[in-house]
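Asker: Mind looking over this structure? Questions follow.
The values are calculated or read from the model by the stated rules, or taken from the named source; none is laboratory data. As the structure is a prediction and not an experimental result, all values here were calculated from the model. All Cβ positions, even for glycine, are placed from backbone atoms using ideal geometry, and neighbour counts span all protein chains on display.
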Amino acid sequence: MSKIEEYKLFQPKLEEIATVLRDGLSETFFYVEVDIVDCPDLREKPYMLSSPGLCGSPCIADVGGVEYLIPLAQKEKSNSRFPLIKI
């Protein structure tokens, strides 16, 4: 089994994200409004998740990689997502 690598990721302040989104969208759209609000209860419609929030411990998994695509896609390579679920 492949090793699992963990990295601390930079987490910008919400105000900074709102400013970047507002500035970027303003270059394309006439009217832009970006607000920081509380997350809705994702158990309610239209989301209907089984628990509040993003359901536990979200993570990013890089499976496979560019080395399987260059110079040509190696279709004989496959990755099972089931072992990843245990992470």
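Asker: So, in segment 13-48, of the ones that are surrounded by 10 or more Cβ atoms within 10 Å (Cβ to Cβ) and part of a loop (DSSP other than H, G, I, E, B), which residue ends up farthest from the chain's Cα centre (by Cα)?
Answerer: Val32
Asker: Restricting to segment 53-75, give me the number of residues that are surrounded by 10 or more Cβ atoms within 10 Å (Cβ to Cβ) and at pLDDT 75 or above.
Answerer: 0
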